[in-house]
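Before any comments, here is the structure.
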Amino acid sequence: MSVPRQPAATGEVVVHLQRRNVELLLILLACSFGLAGWIMTHLALYNSLPPNLPLVAGLWYGLGLVAHLFVRFLTPWADPVILPCVFLLNGLGLAMIARIDQIPDPPRNDVASQLLWTSLGIVLFIGVLILVRDHRRLQRYPYLLFIAGVALLLLPLIPGLGIALGGAQIWIRVFGYSFQPAEVAKILLAVAFAAYFYEKRDVLALAGKRFMGLDFPRARDLGPIALMWIAALGIMVFQNDLGTALLFFGLFTVMIYIATQRPAWPLLAGVMFIVAGFLAYNFTNHVPRRVNAWLDPFSNYDANLQIISAQFGYAWGGLFGRGWGMGRPGLTPLAKSDFIAGALGEELGILGLMAVVMVYALISARGMKAALLCPDGFGKLLAGGLAFVFSLQVFAIVGGITRLLPLTGLTTPFMSQGGSSLVANWMIIGILMVISHRARMPQIATATPQELLTPDDATAVITR
């Protein structure tokens with residue numbers, strides 16, 4: 001619907017179309033992709049349909065329908081594209097885990113536990129919609145959330161509680177179950193940063209001195225970024241986790257830049273992260289190994305078998321892939337978790353992998369759009385920070401598997417096997433849906449529609 005070009009008169013309301021029916025159709029289509037991948041795998045391997053196809057199909061489509069219904073009634077103005085994209089990625093991840101389950105003899109059934117984690121993630125997504133009806137309520141407790149987030153980051157270092165898996169000390173074990181607390185800390189710290197920077201934005205943006213055309217902050221205002229630099233360095237050194245350090249420092253940097261719009265902050269952050277990386281490279285063992293595996297993996301075939309196998313898989317899959325069930329992704333260690341993007345690239349091809357990356361980019365873009373449309377500064381910061389850290393995680397893990405970057409050990413959101421990342425990312429999507437709902441709901445127009453809306457918005461201007 002076209003938007004009038006004349007300035008909005010007093011009493012006019014800018015109304016975005018809800019598009020909930022469009023969302024429902026997109027969810028059904030997205031669920032079909034994952035289900036089709038599972039069916040094609042069984043046809044390729046066993047020349048028959050899966051024996052429990054009706055039950056699994058009913059459960060999978062039922063989860064999509066339940067999530068849609070809660071969105072329809074609780075956040076009817078939310079973005080209609082984000083949730084279908086998430087179901088598309090989650091479904092493809094489940095299909096690939098089910099495919100890799102068929103490789104050993106006898107076959108495994110890890111996809112059942114992953115489907116259980118998916119169900120829990122959707123429950124928590126719905127819980128966010130119910131409990132956080134207005135995202136501005138999260139703004140009240142920045143320091144408490146910051147302390148809780150840092151405490152979660154430090155939990156794996158507690159003797160008897162933290163465990164080392166894959167060389168990284170980022171897991172805790174409780175009652176026989178392992179969990180990665182940094183995934184929840186990511187959400188808490190994002191909310192804490194958004195609240196803090198929104199409160200201190202004027203001081204951080206205006207105070208300081210100008211040098212070589214850039215406005216630099218005062219020394220007293222460097223405390224927050226120095227604290228995060230020390231935290232990132234500590235994570236790299238004591239937890240052997242380059243990926244988490246990159247993620248949290250990147251989250252902090254982009255949010256302080258969004259709040260202040262001063263280029264000096266990301267420049268300072270970039271210099272400090274380079275210094276931290278240099279120190280970690282020279283005084284730790286795991287960072288040099290990651291860099292050497294990135295620059296010259298064939299110098300140590302046994303130590304770098306994982307990344308080398310992924311490269312061979314990409315080469316064998318080629319542009320269009322071997323097809324579901326026709327590749328050999330099981331030759332790559334940890335193909336279900338860390339290297340699931342490599343398995344997808346082998347069986348779906350480079351084109352298929354790039355299509356998956358574009359879906360991730362679409363989620364990030366819609367999150368950024370929610371930040372642009374959000375009428376309050378806290379919501380802008382929170383949506384922008386969450387959308388950025390989501391895209392940074394995808395860039396880091398896909399870049400590591402394709403040797404664009406050193407390996408970071410991060411998970412591929414919604415696709416990798418494991419519950420910590422999956423449920424945390426479902427909660428992030430819930431927050432983004434709440435913010436986009438508040439941003440797109442009817443509001444009194446205080447400017448021309450062209451100033452408030454992007455050209456592709458489906459909107460109407462209604463005079464009350």
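The values are calculated or read from the model by the stated rules, or taken from the named source; none is laboratory data. Quick caveat, the model's predicted, so the values are computed rather than measured. Cβ coordinates were reconstructed from backbone atoms using ideal geometry, including for glycine residues, and neighbour counts include every protein chain displayed. Ligands, DNA and RNA are stripped out before the accessible areas are found, and what is left, the full protein with its side chains, is counted by its heavy atoms. Shrake-Rupley method; radii C 1.70, N 1.55, O 1.52, S 1.80 Å.
Give the residues of the stretch 388-424 that are open to solvent by 10 Å² or more (accessible area, probe 1.4 Å) and over 25 Å from residue 191 (Cβ atoms), sorted by residue number.
398, 402, 403, 404, 405, 406, 407, 417
Looking only at the stretch 1-31, how many residues end up being touching a Pro at 6+ places or on another chain (Cβ under 7 Å), open to solvent by 20 Å² or more (accessible area, probe 1.4 Å) and modelled with pLDDT under 65?
Qualifying residue count for the region: 3.
Does any residue of the stretch 96-107 turn out to be among the acidic types (Asp, Glu) and either surrounded by 14 or more Cβ atoms within 10 Å (Cβ to Cβ) or part of a helix (DSSP H, G or I) (or both)? Please lay out each step first, then the result.
Of the stretch 96-107, the ones among the acidic types (Asp, Glu) are 101, 105.
So of that shortlist, the ones also either surrounded by 14 or more Cβ atoms within 10 Å (Cβ to Cβ) or part of a helix (DSSP H, G or I) (or both) come out as 101.
Within the stretch 96-107, one or more residues are among the acidic types (Asp, Glu) and either surrounded by 14 or more Cβ atoms within 10 Å (Cβ to Cβ) or part of a helix (DSSP H, G or I) (or both).
Within the bounds of the stretch 37-57, is there any residue that is open to solvent by less than 40 Å² (accessible area, probe 1.4 Å), under 22 Å from residue 125 (Cβ atoms), assigned to a helix (DSSP H, G or I) and not aliphatic (A, V, I, L, M)?
no
Counting only residues that are surrounded by fewer than 22 Cβ atoms within 10 Å (Cβ to Cβ) and touching a helix residue (DSSP H, G or I) at 6+ places or on another chain (Cβ under 9 Å), how many does the stretch 338-352 have?
Within the stretch 338-352, the subset surrounded by fewer than 22 Cβ atoms within 10 Å (Cβ to Cβ) is 349-352.
Okay, now just the ones that are also touching a helix residue (DSSP H, G or I) at 6+ places or on another chain (Cβ under 9 Å), so 349-350, 352.
Qualifying residue count for the region: 3.
Kindly evaluate residue 307 against the criterion of being among the β-branched types (Val, Ile, Thr), buried (at least 16 other Cβ atoms within 10 Å of the Cβ) and within 30 Å of residue 100 (Cα to Cα).
Working: among the β-branched types (Val, Ile, Thr): yes; buried (at least 16 other Cβ atoms within 10 Å of the Cβ): yes; within 30 Å of residue 100 (Cα to Cα): yes.
Yes, satisfied.
Taking strands (runs of 3 or more DSSP E) that do not extend beyond the stretch 118-203, which have at least 1 residues that are touching a Ser or Thr at 6+ places or on another chain (Cβ under 6 Å) and open to solvent by 30 Å² or more (accessible area, probe 1.4 Å)? Steps first, please.
Details: elements: 162-165, 168-174, 177-179.
Qualifying strands (runs of 3 or more DSSP E): 168-174, 177-179.
So, in the stretch 357-376, how many residues would count as being closer than 30 Å to residue 326 by Cα and open to solvent by 10 Å² or more (accessible area, probe 1.4 Å)?
Within the stretch 357-376, the subset closer than 30 Å to residue 326 by Cα is 357-363.
Among the residues that remain, those that are also open to solvent by 10 Å² or more (accessible area, probe 1.4 Å) are: 357-359, 361-362.
Result for the stretch 357-376: 5.
Take the residues in the stretch 58-69 that are hydrophobic (A, V, I, L, M, F, W, C) and surrounded by fewer than 18 Cβ atoms within 10 Å (Cβ to Cβ); name whichever of them is nearest to residue 103 (Cα to Cα).
First, the residues of the stretch 58-69 that are hydrophobic (A, V, I, L, M, F, W, C): 59-60, 63, 65-67, 69.
The next check asks that each one be surrounded by fewer than 18 Cβ atoms within 10 Å (Cβ to Cβ); those that pass are 59, 65-66, 69.
Working: 59: 25, 65: 32, 66: 33, 69: 37 Å.
Top of the filtered list is 59.
Here are the criteria: (1) out of contact with any Lys or Arg (no Cβ under 8 Å at 6 or more places or on another chain); (2) open to solvent by 70 Å² or more (accessible area, probe 1.4 Å). Tell me which single one residue 294 does not satisfy.
Just one mismatch for residue 294, condition (1).
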